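**Student:** Would you mind keeping the following structure in view while I ask a few things?
The values are calculated or read from the model by the stated rules, or taken from the named source; none is laboratory data. From a predicted model like this one, the values you see are computed outputs, not experimental measurements. Note that each Cβ is placed from the backbone with ideal geometry, even for glycine, and that neighbours are counted across all protein chains shown.
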Amino acid sequence: MTNTFLNPVNTQTWSNGRHPVRCVKVIQETWDVRSFCFTAEQPILFFFKPGQFVTLELQIDGEQVMRSYTISSSPSVPYSFSITVKRAPGGKVSNWLHDNMKVGDELAVHGPVGLFNAIDFPADKVLFLSGGVGITPVMSMARWFYDTNANIDMVFVHSARSPKDLVFQRELEHMAARIENFALHLVCEKHGLGEAWAGYRGYLNDKMLALMAPDYMEREIFCCGPTPYMNAVKNFLKNNGFDMSHYHEEAFGPTPPEVREEVEELAAEAAEAGESAVQYEVEFAITGKSVRIAPGETVHVAAQKVGLHIPKACGMGICGTCMVQKTSGSVEMNHNGGITEEDEAEGYILSCCSVPKSDLVIDF
């Protein structure tokens with residue numbers, strides 16, 4: 001018997017690219033952390049792999065700024081997605097979002113992309129390790145497993161400076177109280193006057209982790225947090241003989257200033273030395289501009305030299321923002337998951353991490 005009340009779903013699904021969205025909710029998670037929820041005017045099913053991220057395209061003081069943020073929501077709630085942002089001293093974008101982003105505001109996002117996700121590394125037993133606002137990708141993973149009633153043994157360990165800095169605490173405690181396969185452990189570095197805290201104190205270490213998850217050596221580990229936190233975790237895992245092929249961490253972020261300065265200095269030294277290596281011509285077909293660039297320089301550098309602006313966010317081949325189509329020639333592209341095999345097959349490259357190996361023609 002056919003149910004005449006059921007209609008086929010015609011809603012579009014999300015794919016990596018540029019999408020206009022509108023802010024529909026702002027949630028104060030802690031004193032300095034907010035979640036911003038977005039949806040599309042023309043409904044889109046925001047399907048993504050839990051742990052992936054998007055890049056926001058913003059106008060700040062008349063300047064276009066791109067910044068990548070992990071999606072903290074789960075694709076099990078598909079008609080919207082959320083990012084969770086911590087206000088940072090001197091943080092241009094995070095402070096702007098806290099001070100200016102409100103319900104009804106519109107912007108464009110690029111994505112979703114990212115190799116750090118729970119779908120590509122399936123396991124029956126997982127361990128989520130997070131520090132500070134690094135909780136966002138593993139929270140997306142935990143929400144996904146919880147909402148889909150996945151038969152996965154989860155241990156969730158989150159570290160924060162103090163009880164007032166614990167992001168998603170009530171939701172995590174709710175999840176732990178509702179299902180048997182979700183064990184929650186919260187760690188606070190310190191607690192202030194008047195703050196009651198009976199949980200773990202100090203910094204996460206291997207002895208503490210052994211109490212929380214005695215079988216952590218058998219688990220797939222997903223880790224995200226400040227660099228010192230992730231380095232400490234990796235060090236004690238390696239020292240204890242953990243198989244690091246089962247360790248995964250979130251690694252996207254802006255190119256550190258010292259790295260950028262080093263690259264610029266090396267390029268200047270090479271120019272002064274009058275390096276005689278082969279130079280390749282990069283032609284931008286739409287604008288009719290072309291330039292010859294030095295060995296090792298990227299397509300993105302070539303565009304800058306002729307005054308063209310290819311949007312870029314991470315500078316590390318992760319976010320996918322700088323993707324352009326190559327119509328002829330070859331490149332060496334050292335990316336970090338910001339482009340799919342399908343896009344590569346169609347001739348697309350990430351300009352920030354593609355070095356010409358012949359003369360090129362770019363559709364830009």
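**Student:** Out of all the residues in segment 191-201, is one or more touching a Leu at 6+ places or on another chain (Cβ under 6 Å), modelled with pLDDT under 95 and not polar (S, T, N, Q)?
**Tutor:** Taking segment 191-201 first, the residues touching a Leu at 6+ places or on another chain (Cβ under 6 Å) are 199.
Within this subset, residues satisfying the condition of being modelled with pLDDT under 95 are 199.
If we keep only those that are not polar (S, T, N, Q) as well, we get 199.
Checking segment 191-201: at least one residue is touching a Leu at 6+ places or on another chain (Cβ under 6 Å), modelled with pLDDT under 95 and not polar (S, T, N, Q).
**Student:** Still on this structure, I have one more. Go through segment 28-71 and report how many residues are outside any loop (DSSP other than H, G, I, E, B), more than 20 Å from ILE339 (Cβ to Cβ) and touching a Pro at 6+ places or on another chain (Cβ under 8 Å). If you could, list the steps in order and put the result at the bottom.
**Tutor:** First, the residues of segment 28-71 that are outside any loop (DSSP other than H, G, I, E, B): 28-30, 33-39, 44-45, 53-60, 63-71.
Retained after the next criterion (residues that are more than 20 Å from ILE339 (Cβ to Cβ)): 28-30, 33-39, 44-45, 58-60, 63-65.
Narrowing further to those that are touching a Pro at 6+ places or on another chain (Cβ under 8 Å): 45, 64.
Residues meeting the conditions: 2.
**Student:** Here is a follow-up. Has segment 84-107 got at least one residue that is under 18 Å from the mean Cα position of the chain (by Cα), crowded, with 21+ Cβ neighbours inside 10 Å and of a type in the set (Ser, Thr, Tyr)?
**Tutor:** For segment 84-107, residues under 18 Å from the mean Cα position of the chain (by Cα), crowded, with 21+ Cβ neighbours inside 10 Å and of a type in the set (Ser, Thr, Tyr): present.
**Student:** Something else: Just to be sure, is GLY104 under 26 Å from ALA160 (Cβ atoms), outside any strand (DSSP E or B) and out of contact with any helix residue (DSSP H, G or I) (no Cβ under 9 Å at 6 or more places or on another chain)?
**Tutor:** Details: under 26 Å from ALA160 (Cβ atoms): no; outside any strand (DSSP E or B): yes; out of contact with any helix residue (DSSP H, G or I) (no Cβ under 9 Å at 6 or more places or on another chain): yes.
Against the criterion (under 26 Å from ALA160 (Cβ atoms), outside any strand (DSSP E or B) and out of contact with any helix residue (DSSP H, G or I) (no Cβ under 9 Å at 6 or more places or on another chain)), GLY104 does not qualify.
Per-residue answers, yes or no, for (1) buried (at least 18 other Cβ atoms within 10 Å of the Cβ); (2) outside the structural domain of ILE135 (by TED's automatic domain parsing); (3) at pLDDT 95 or above; (4) under 30 Å from LEU308 (Cα atoms):
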{"position": "MET1", "(1), (2), (3), (4)": "no, yes, no, no"}
{"position": "ASN7", "(1), (2), (3), (4)": "no, yes, no, no"}
{"position": "ARG18", "(1), (2), (3), (4)": "no, yes, no, yes"}
{"position": "ASP32", "(1), (2), (3), (4)": "no, yes, yes, no"}
{"position": "GLN42", "(1), (2), (3), (4)": "no, yes, no, no"}
{"position": "GLN52", "(1), (2), (3), (4)": "yes, yes, no, yes"}
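This table checks each residue for (1) in the same structural domain as VAL54 (by TED's automatic domain parsing); (2) assigned to a loop (DSSP other than H, G, I, E, B); (3) touching a Pro at 6+ places or on another chain (Cβ under 6 Å); (4) exposed (fewer than 14 other Cβ atoms within 10 Å of the Cβ).
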site	(1), (2), (3), (4)
MET141	no, no, yes, no
PHE156	no, no, no, no
SER159	no, no, no, no
VAL167	no, yes, no, no
GLU171	no, no, no, no
ALA183	no, no, no, no
GLY192	no, yes, no, yes
LEU209	no, no, no, no
PHE222	no, no, no, no
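**Student:** Go through segment 296-316 residue by residue and tally those that are in a loop (DSSP other than H, G, I, E, B), within 24 Å of VAL109 (Cβ to Cβ) and of a type in the set (A, V, I, L, M).
**Tutor:** 4
**Student:** Additional query: Suppose we filter segment 124-139 for residues that are touching a Gly at 6+ places or on another chain (Cβ under 7 Å) and either in a helix (DSSP H, G or I) or of a type outside the set (S, T, N, Q) (or both); how many remain?
**Tutor:** Residues of segment 124-139 touching a Gly at 6+ places or on another chain (Cβ under 7 Å): 130-132, 134, 137.
Next, only the ones that are either in a helix (DSSP H, G or I) or of a type outside the set (S, T, N, Q) (or both) stay: 131-132, 134, 137.
The number of residues fulfilling the criteria is 4.
**Student:** Another one. Test VAL113 against the stated conditions and say whether it is in contact with a Cys (Cβ under 7 Å, 6 or more places away or on another chain) and more than 23 Å from LEU209 (Cβ to Cβ). I'd like the intermediate steps shown before the answer.
**Tutor:** Details: in contact with a Cys (Cβ under 7 Å, 6 or more places away or on another chain): yes; more than 23 Å from LEU209 (Cβ to Cβ): yes.
When the stated conditions are applied, VAL113 passes them.
**Student:** Additional query: Scan LEU45, LEU56, LEU115, LEU129 and give me the residue that is of a type in the set (A, V, I, L, M, F, W, C) and farther than 22 Å from GLY17 by Cα. First the steps, then the outcome.
**Tutor:** On the way: LEU45 fails: farther than 22 Å from GLY17 by Cα; LEU56 fails: farther than 22 Å from GLY17 by Cα; LEU115 fails: farther than 22 Å from GLY17 by Cα.
Exactly one residue qualifies, and that residue is LEU129.
**Student:** On the basis of being in a strand (DSSP E or B) and surrounded by fewer than 18 Cβ atoms within 10 Å (Cβ to Cβ), does VAL361 make the cut? Full working, then the answer.
**Tutor:** On the way: in a strand (DSSP E or B): yes; surrounded by fewer than 18 Cβ atoms within 10 Å (Cβ to Cβ): yes.
Yes.
**Student:** A further question on this structure: How many residues, within segment 241-254, are modelled with pLDDT under 95 and either part of a strand (DSSP E or B) or closer than 14 Å to ASP215 by Cβ (or both)?
**Tutor:** 1
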